[in-house]
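The values are calculated or read from the model by the stated rules, or taken from the named source; none is laboratory data. Just so we're clear, the structure is a prediction, and the values are computed from it rather than from any experiment. Glycine also receives a Cβ, built like all others from the backbone with ideal geometry; neighbour counts cover every protein chain displayed. Accessible surface areas use protein heavy atoms only, side chains included; no ligands, DNA or RNA. Shrake-Rupley method; radii C 1.70, N 1.55, O 1.52, S 1.80 Å.
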Amino acid sequence: MWGKVGSEDAARAVYVPPCQYDEFYAFVSGGFDGQLLVYGLPSGRLLKIIPVFSQYPRNGYGYSEETKNFLMTSHGFIPWGDLHHPALSKTDGVPDGRWIFANENNTPRVAMIDLRKFETVEIIEIPNSAGNHSSPFVTQNTEYVVAGTRFSVPTDVTTGKFKDVPIASYKDNFRGTITFIKVNNDPNYKGEDRMSIAFKLLVSGFDYDLAHCGKGPSHGWCFFTSYNTEEAYTLIETNASQNDKDYILAVKWKKAEECIAQGKGKKFPATYYHNYYDEKKHMAVSRVEKEVTILTPQDCSGVAYYLSTPKSPHGVDVDPTGDYIVAGGKLSADLPIHSFSKMIKAIENKEFEKEVFGIPVLKFEAVNYCLVPKACLGPLHTEFDGKGYGYTSCFVSSEVIKTDIKNCQVVDRIQVYYNIGHLMIPGGDSRKPWGKYLLAMNKITKDRYLPVGPELHQSAQLIDISGEKMRILLDFPTLGEPHYANGIHADVIKEKTIQYYDLRENEHPYAVKSEAETRVERKGNVVHVYMSAIRTHFTPDNIEGIRVGDTVYFHVTNLDQEYDIHHGFAIFGAENANILIMPGETRTLKWVPKAPGVHQEMQGYVRVSPANANVPLKWGTGK
Amino acid sequence: MKNKGIGPINEVKLSPQIDMNLVKKGEDLFKIKCSACHKIEERYVGPALKGVTQRRTPEWIMNMILNPEEMTKKDPIAKELLAEYLTPMVAQVKDTSEARAILEYLRFVDSQK
């Protein structure tokens, strides 16, 4: 074991007494857990797990009739997802605490989570994509959320389907797409579907790895790293690392808007799911979308440029001034920093080395501000403190380096444990970072905690960055594999959170507003139980007249109207999950009884009779 | 019967005449917010409410509706009731005018034979 962390002094710095609150919310990706984790900083306490792309048996997300539709895709119902990058909505380039977005990497999707209730409210599928990794970074005023292909695909845009072609024809047939999802920011908008695919930019078949959008002077642009400019399709680790330089793709989305307004985009068929939550009916609705607008760079000159950048850049991080763009060159020990203003001049002066797929490639010298020499091994991602410093994660050398951006030199470095991937400073990708803490998220945990067999959770370290020297304060395991995270000062969100749903506004078609409305209705082989829950009982809690062959829906409304009085509901033998019902909410559990008998449901009983029985429907509580 | 309970209500002025509009409002609120735990004639999750306006002051009733958590910790009668029923009453009503309407409904119920 190496790397001594902590002292009483450090412990005091992270101690938050009960009923006093953490200063920051940290939204940490759940990775292959498919969920979004909410931690408090500096305490490192896990405050909530928000289910997004995976079913969640604790509260029935993705199991209950109301939430199943969230996980619908053009491939059918997908119970699992790989959540990588949370992105807080922004106003004027500053996190505003309205929503947080997250990408699904495996079956390309983007989700929106409402931060009044910390719940998923919308998921949109991304067609013509694979490995939705350079996603869901947002523009300065959340005009757009982006979604780029990490793995290019042989899309036939005219049909919206993948072509059946040999993999060896990669260069001819495989293309990347950069999707811009428009976000409806209107606070008075009454609909629930706030996201829509505005357009897709068709690009060459490189691997578009990560992104960040411009701010201040670079507002109107988004930047995507790309590797595999070799367009390799096997043994990628080696074959995609032959070229000395790869590219950053700079997309001027304001130009794309102009071209589309001029009719230069073309509409093509596509099939993708768009799932959103009807807040009044307490229900996720799925809509199948049928069309996308595709823009090709050849048809819209000036929409995109490639910036020549050392070997396999990973993160592409725009500093708070909006001018410096740090490109973590995974395979380059010298850390490149590009300049947006230099890039604009280079475009004016046409300092192109060639053109690829209709996109001019800008010369490295013409866009590069400096190369931080011998920065570290395996630099990946950079966040900023708003005081002129960038903090870069170094995967191979397991460290965080602090760089004076303007002077292009490393001024401090600290070991982290071990093999750091992403890192996060609250607001650290915005125009106004809260530069007090940094969260390092590490891939390898090994000897940090008590051993628990071969499978370990990943770990995070909290680093104090308020002084000249970085200092580790806290070390804690995380759920899932944390990729990126976003953080925000608690004051921006905490007063806006809601405590329960108003029963009077509940328009769920199977809701009950009082015990007097509870009942059981049979329609052929389908039985609807209109049930209420309130401290401390369900009504009805005894039901007879259910038969084998029936499908039973328990629609449970929580009549309580008080904070933190939620109720759980489960059925012995039901093939799904528990459901949690928040105060004022209605949730539905489906159950298909298989054999006659008496089934316990929480504190009551359901009598199931044989299929041919004549037992009448009967129900009640306390009778 | 002098205990006014603990909470936002210090004094309620009752007119001898029952306000039937207020009763209607109170009855609707009672159905939505109270009836899952309180019946008029029988013990349920909480006590039967028949005669409550004769047993308690109007202030106590409204404070119990509006401020059950503090009441069951500090008020001697409410403490005893919690010990008997063992289910803490829920603060379902936040609005004073709503509590007043429920009180009027309970007065109406008690005025009926």
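Some points to look at:
- Expressed as a whole percent, the accessible surface of the stretch A:295-414 that belongs to carbon and sulfur atoms is 52, based on a 1.4 Å probe.
- Residues whose amide H comes within less than 5 Å of that of A:T91, counting only those at least five positions distant or on another chain, are A:D96 (H built at 1.01 Å from N in the peptide plane).
- Per residue solvent-accessible surface (Å²) - the stretch A:177-297, probe of 1.4 Å: 39
- Radius of gyration and maximum dimension Dmax of the protein assembly as shown, Cα, Å: 30.0, 97
- Residues of the stretch A:520-562 that bury at least 10 Å² of accessible area when the other protein chains are present, relative to the chain alone (probe 1.4 Å, heavy atoms, ligands and nucleic acids excluded): A:I534, A:R535, A:T536, A:H537, A:L559, A:D560, A:Q561, A:E562.
- Close amide H partners of A:L307, meaning residues 5 or more places away or on another chain with modelled amide H under 5 Å apart, are A:I248, A:L249, A:A250, A:L362.
- Positive-end residue, chain A charge dipole about Cα centroid, Cβ charges, pick of A:V110, A:H85, A:L362: A:V110
- Accessible area buried between chains A and B, both sides summed, probe 1.4 Å, in Å² to nearest 100: 1300
- Here the accessible area is traced with a 1.4 Å probe on the protein chains. For the stretch A:9-163, carbon and sulfur cover 55 percent of it.
- Long-range HN-HN contacts of A:A198 with modeled amide H, under 5 Å: A:F180, A:I181, A:K182
- Relative contact order computed over chain B (Cα-Cα under 8 Å; 6+ residues apart), in percent: 39
- Excluding ligands, DNA and RNA, the accessible surface per residue across the stretch A:510-599 is 34 Å² with a 1.4 Å probe.
- Separation between Cα centres of the stretch A:115-191 and the stretch A:24-89, rounded to whole Å: 19
- Virtual paramagnetic centre 7 Å along Cα→Cβ of A:A11, amide N under 18 Å, in the stretch A:466-507: A:472-477
- Histogrammed with a bin width of 10 Å, the alpha carbon distances of the stretch A:493-571 distribute as 17, 45, 26, 10, 3 percent, first bin at zero.
- Per residue, the Cα convex hull of the stretch A:334-400 amounts to 114 Å³.
- Distance violations [Cα-Cα > 23 Å] among A:K254/A:K350; A:K254/A:K311; B:K25/B:K113; A:K363/A:K387: A:K254/A:K311; A:K363/A:K387
- Applying 1/(1 + (r/R0)^6) with r as the Cβ-Cβ distance of B:N3 and B:K73 and R0 = 22 angstrom yields a FRET efficiency of 0.90.
- In sequence order, calculated HN-Hα J values of the stretch A:46-51 (Karplus, 6.51, -1.76, 1.60; Hz; x Gly/Pro): 7, 8, 6, 10, 9, x
- Distance from the stretch A:252-268 to the stretch B:50-104 (C-alpha centre basis), Å: 64
- In order along the stretch A:243-259, the Karplus-derived 3J(HN,Hα) couplings, from 6.51 cos²θ - 1.76 cosθ + 1.60 at θ = phi - 60°, round to 6, 6, 10, 10, 10, 9, 8, 9, 10, 8, 5, 5, 5, 4, 4, 4, 4 Hz, and Gly and Pro are given as x.
- Computed 3J(HN,Hα) for the stretch A:375-381, one whole-Hz value per residue from the Karplus formula 6.51 cos²θ - 1.76 cosθ + 1.60 where θ = phi - 60°, is 5, 5, 9, x, x, 10, 10, glycine and proline marked x.
- Dipole size of the protein assembly as shown about its Cα centre, with +1 on Lys/Arg Cβ and -1 on Asp/Glu Cβ: approximately 1160 debye, rounded to the nearest 20.
- Residue-averaged [θ]222 nm for chain A, counting only DSSP H segments that reach four residues, each worth -39500 (n - 2.57): -1500 deg cm²/dmol
- Working from Cα pairs under 8 Å separated by at least six residues, relative contact order for the stretch A:224-359 is 23 percent.
- Each Lys or Arg adds one and each Asp or Glu subtracts one; over the other residues with Cβ under 14 Å from the Cβ of A:G81, this totals -4.
- Built from the Cα atoms of the stretch A:515-623, the convex hull projects on average onto 6.4 nm², one quarter of its surface area.
- Gyration tensor (alpha-carbon) shape descriptor, the stretch A:189-323, a/c threshold 1.5: prolate
- Per residue value of the accessible surface for the stretch B:15-54 (all protein chains in place, 1.4 Å probe), Å²: 57
- Carbon and sulfur %, accessible surface of the stretch A:459-612 computed with the full protein complex present, 1.4 Å: 49
- Across the stretch A:1-128, the mean sequence separation of Cα contacts (distance under 8 Å, 6 or more residues apart), normalised by length, yields a relative contact order of 16 percent.
- Of the DSSP H helices in chain B, those with a Cα length along their own long axis of 15 Å or more and a mean Kyte-Doolittle hydropathy reaching -1.0 comprise B:96-111.
- GNM result for chain B, Cα springs below 10 Å: residue of B:L29, B:L103, B:L86 fluctuating most strongly: B:L86
- For the stretch A:289-314 versus the stretch A:524-567, the gap between their alpha-carbon centres in whole angstrom: 53
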